[in-house]
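Novice: Handing you this structure, nothing more for now.
The values are calculated or read from the model by the stated rules, or taken from the named source; none is laboratory data. This structure is a prediction, so every number in the text was calculated from the model and none was measured. Quick reminder, even Gly has a Cβ in these numbers, built from the backbone with ideal geometry, and neighbours come from all protein chains shown. Ligands, DNA and RNA are stripped out before the accessible areas are found, and what is left, the full protein with its side chains, is counted by its heavy atoms. Shrake-Rupley method; radii C 1.70, N 1.55, O 1.52, S 1.80 Å.
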Amino acid sequence: MNNILNQNPLESEAIYIFREVVTQFENPVLLFSGGKDSITLVRLAEKAFFPSKIPFPLMHIDTGHNFPETIEFRDKLVKEMGLQLIVRKVQDDIDNGKSVEETGKYSSRNSLQTNTLLEAIEEFKFDACIGGARRDEEKARAKERIFSVRNDFGEWDEKNQRPEVFDMLNGRIEIGQNVRVFPISNWTELDVWKYIDQEKIKIPSIYFSHEREIFERDGLIWTASEHVFKDELEEVKTRNVRFRTVGDVTCTAAVESHARTIEQIVHEITNSPISERGARIDDKRSEAAMETRKQQGYF
Amino acid sequence: MEVLKIATAGSVDDGKSTLIGRLLYDTKSLTTDKLEAIEKSSRKKGLDYLDFSLATDGLVAEREQGITIDVAHIYFSTKKKSYIIADTPGHVEYTRNMVTGASTSQISIILIDARKGVIEQTQRHFFINNLLRLKEVVVAVNKMDLVNYSEDVFNEIVSEFKKIQEESEYKDQKVTFIPVSALWGENIAKASTNMEWYTGNTVLDHLENINAEDFQKSTQTRFPVQTVIRPKTEDHRDFRGYAGKLNGGNLKVGESVTVLPSLTSSRIKEIYFFDKKYVEASSGSSVTITLEDDINITRGDTLVKSDEVAESFKNLRSTICWMDSKSLVPGAKYLLQHNTNRILTKIDSIETLKIGNYDAGEINSNLQINQIGQVTLKLSKNIYADTYENNPENGRFILIDPATNTTAGVGFINSLNI
């Protein structure tokens, strides 16, 4: 038997939030992207309910433009842990006319995910969607509550958020509304990496340095892929890169890196002059790109 | 690493967001991409300097008006510690968001515009800090550059502030005064060369020297049960664990505990955190506890040490900060959330708050949004509570409007018997 438990306050807070979710809501779901933050959430959920199994399913809103490594990882994790995985595809909403594919050089299905997510919330009547967003990532996210209420159109009313005092969480909502829950709101990128290291959590290989065919545009490193538009003047090269944040192929840029271990990654991001989301193509669309997407019901 | 949680407070345009932006800049916490975004936006606004408030005012409506509407949580770290800053709004109309930000903080930085001195908002924010029992307050007298870095102006403000401090009913906090210019980064992370008469620490040095552990007050142990874990799997067929977060103090295996409100007792058999068992868990830990006896425990119940049973109450006297556009009126019914427990409550009376000489505003028996008043409540069932003074986690509550589901107010229990 171990002696005295002195828990990391961030871990304690996240576990507390998970336990509030399952008791305050009827039908929660964990939004799983295959990125390091949602993988960390799975670990925290496992800890919160042990020895019971994680009492809610995972849901992946699939743009179809994935890094294959992420999907492989997702399926392996779900199988090993005996979790339930729901996948809803942006492609299906394009096929049935609910979403319209973007065109042009910067086309991406990133914002189309919102539509598919909101459809899925309605289909399964989810009242709480747990996500891995953190406040240190982005200025609009820095403003968001841990229990963030969405109306029946999935919209975030950022100017009139429900007060959230101390650790008292109020998840009461009307039918049709849903709450987005962010258990690792107060974690930083570094906290997540230290936790992954401490817990020996497995993550997809694309977070570590590897050789990849890329091309450069607007000072960012884009993946050369059939899903990414590239004009003829943009030259494909092979580089040692890794991904610091993982969305799909069209919205995530790589960074040059030789970091092959978590220790090297921690060292790299501690000394990096660029923020984590500096490599997010989706955030660069405008100054308020994240806020606008959030208002519409994005993650 | 040690974490220090700070709330900023001060009136509109006192420079809260600028001070935080400056702290980020001077500690090299602003990455190139974020700095470029600030440069671009500053130029667009026609400024010839960097507007650091753009680092924290994350909403379009905030940047457009140059004000802070809601709390932003900002993270940075030095070699010594990690900081979480809640950048809170200064407008009276956003007081509820200020309380939201301050409630999770350990210390506060109150900004005062050197040209204006101590104003009503300063008193209000200091009062809220005291209500929350924040032990350490830094008063940053900002915009010293606009008063010719005058020592007299600074001293005048210090003595004005000390007057309200003397009148305050809470005496346990430490107040430190620092003259600064957030815009030019003077006495934020670097000592100012324009105020050689000031020999104290910069804001950052002061923060670096604070020991966050000093703020953890040890009180009686309260373990509100969030959920009961019953796996019913082959390996754990009879497992029945009570999951919750330990508040106030510790719990040890073998200790005698009493369940509130049923008053049944048992002993702690095991303390689990994930798949490991511990002899003892310290305050703040989220754990799962099993007991020697099978007793009826559900969400909303609280486990306490058998020699530390809280008192039971049917009426409460409390200080309430109102947060809803629908005013609080006597006779109204709300859901009172106290830890994991929710019960119906009826508002009995609302009076003007008189604490020390602070004037929280005359109340005509109803409490409007952002007002603070003295409220007595009748409860539909007894609760086992403490005063906020004695046991903060077990001495506070929120009121939820059952019609709109919104969090309408936050309450601090003053006394249990009316």
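Novice: Using the alpha-carbon centroid of each, what span in Å lies between segment B:49-120 and segment B:274-309?
Specialist: 38
Novice: Below 8 Å, C-alpha to C-alpha, sequence gap of six or more: please give me the relative contact order for segment B:311-415 in percent.
Specialist: 38
Novice: Then there is this: Please give the average number of partner chain Cβ atoms lying within 10 Å of the Cβ of each residue in B:24-36, rounded to a whole number.
Specialist: Taking the mean over all residues of the peptide, I get 3.
Novice: Let me ask another. Give me the one-decimal nm value for the distance between modelled label points at residue A:260 and residue B:167, 7 Å along each residue's Cα-to-Cβ direction.
Specialist: So the label points at residue A:260 and residue B:167 sit 6.9 nm apart.
Novice: Ordered by packing density, taken as the mean number of other Cβ atoms within 10 Å over each peptide's residues, highest first, how do A:254-265, B:99-110, B:38-49 rank?
Specialist: Ranking, from highest mean packing down: B:99-110, A:254-265, B:38-49.
Novice: Taking K and R as +1 and D and E as -1, what net charge do the other residues with C-beta under 12 Å from the C-beta of residue B:276 add up to?
Specialist: With Lys, Arg at +1 and Asp, Glu at -1, the net is 0.
Novice: Follow-up. Compute, for the protein assembly as shown, the length of the dipole vector about the Cα centre, with Cβ point charges of +1 (Lys, Arg) and -1 (Asp, Glu) only. Units Debye, rounded to 20.
Specialist: 1320
Novice: Across segment A:72-87, in residue order, what do the Karplus-derived ³J(HN,Hα) couplings come to in whole Hz, using 6.51 cos²θ - 1.76 cosθ + 1.60 with θ = phi - 60° and x for Gly and Pro?
Specialist: These are the phi-based 3J(HN,Hα) values: 4, 4, 4, 5, 5, 4, 4, 5, 4, 9, x, 9, 9, 10, 10, 10 Hz.
Novice: Quick check: net charge around residue A:93, other residues with Cβ under 14 Å of its Cβ, Lys/Arg +1 and Asp/Glu -1?
Specialist: That sum, taken over residues with Cβ under 14 Å, equals -4.
Novice: Report, in deg cm²/dmol and to the nearest 500, the calculated mean residue ellipticity at 222 nm for chain A, where each DSSP H run with n ≥ 4 adds -39500 (n - 2.57) and the sum is divided by the residue count.
Specialist: -9500 deg cm²/dmol
Novice: Can you pull the Kirkwood radius for chain A, inverse mean 1/r over Cα pairs, to one decimal in Å?
Specialist: Kirkwood hydrodynamic radius for chain A: 20.0 Å.
Novice: Would you mind computing, in nm to one decimal, how far apart the modelled labels at residue B:152 and residue B:201 are, each placed 7 Å from Cα along Cα→Cβ?
Specialist: It works out to 3.1 nm between the two label points.
Novice: Need one number: buried accessible surface between chains B and A, 1.4 Å probe, both sides summed, DNA, RNA and ligands left out, in Å² to 100.
Specialist: Counting protein atoms only, the buried area is about 5900 Å².
Novice: Partner chain Cβ atoms within 10 Å, averaged over the residues of A:4-14 - can you pull that number for me?
Specialist: For this peptide, the per-residue mean of nearby foreign Cβ atoms is 6.
Novice: Give the separation of the Cα centroids, segment A:44-61 to segment A:65-97, in Å.
Specialist: 17
Novice: So what is the calculated 222 nm ellipticity per residue for chain B, using -39500 (n - 2.57) for each DSSP H run with n of 4 or more, over all residues, to the nearest 500 deg cm²/dmol?
Specialist: Estimated from H runs of four or more residues: -5500 deg cm²/dmol.
Novice: Can you give the relative contact order of segment B:3-215 as a percent, counting alpha carbon pairs under 8 Å and 6+ residues apart?
Specialist: Computed over segment B:3-215, the figure is 23 percent.
Novice: Two decimals, Cα atoms only, Kirkwood Rh: what is Rg/Rh over segment A:17-134?
Specialist: Result for segment A:17-134 is an Rg/Rh of 0.99.
Novice: Please calculate how many Å² of accessible area segment B:331-416 carries per residue, with a 1.4 Å probe and no DNA, RNA or ligand atoms counted.
Specialist: 37
Novice: Report the FRET efficiency, 1/(1 + (r/R0)^6), for residue A:27 and residue A:79, where r is their Cβ-Cβ distance and R0 is 25 Å, rounded to 0.05.
Specialist: The formula returns an efficiency of 0.60 here.
Novice: Here is a further query. Could you work out what % of the accessible surface of segment B:271-324 is carbon and sulfur, using a 1.4 angstrom probe and leaving DNA, RNA and ligands out of the count?
Specialist: Carbon plus sulfur share of accessible area: 36 percent.
Novice: Quick one: check the C-alpha center-to-center distance for segment B:1-47 versus segment A:21-37, whole angstrom.
Specialist: Distance between centres, Cα-based: 32 Å.
Novice: So, one more: Evaluate the Debye formula for segment A:240-296 with equal point scatterers sitting on the alpha carbons, no solvent, and hand back log10 of I(q)/I(0) at q = 0.13, 0.14 Å⁻¹, in q order, two decimals.
Specialist: Summing over Cα pairs of segment A:240-296 leads to -0.39, -0.44.
Novice: Once you put a point 7 Å from the Cα of residue B:364 and another 7 Å from the Cα of residue B:325, both along the Cβ direction, what distance in nm separates them?
Specialist: In this crude spin-label approximation the distance works out to 2.1 nm.
Novice: Holding the Cα-Cα limit at 28 Å, pick out from A:143/A:284; B:81/B:277; B:80/B:276; A:125/A:200; A:159/B:326; B:80/B:174 the pairs that are longer than that.
Specialist: Checking Cα-Cα distances, B:81/B:277; B:80/B:276; A:125/A:200 exceed 28 Å.
Novice: For a test of the definition: using alpha carbon positions, the gyration tensor, and the 1.5 limit on a/c, classify the protein assembly as shown as rounded, prolate or oblate.
Specialist: oblate
Novice: Size of the dipole of chain B about the Cα centre, Lys and Arg at +1 and Asp and Glu at -1 on the beta carbon, nothing else charged, in debye to 20?
Specialist: With only Lys, Arg, Asp and Glu charged at Cβ, the dipole is about 1140 debye.
Novice: Using a 10 Å cut-off around each Cβ of peptide B:53-59, what is the average number of partner chain Cβ atoms that fall inside?
Specialist: 4
Novice: Can I ask one more? Mean separation of Cα pairs under 8 Å and 6+ residues apart, divided by the residue count of segment A:204-284: what relative contact order is that in percent?
Specialist: About 31 percent, as a whole number.
Novice: While we're on this one: Report Rg(Cα)/(2.2 N^0.38 Å) for segment A:9-74, keeping two decimals.
Specialist: Normalised Cα radius of gyration, segment A:9-74: 1.20.
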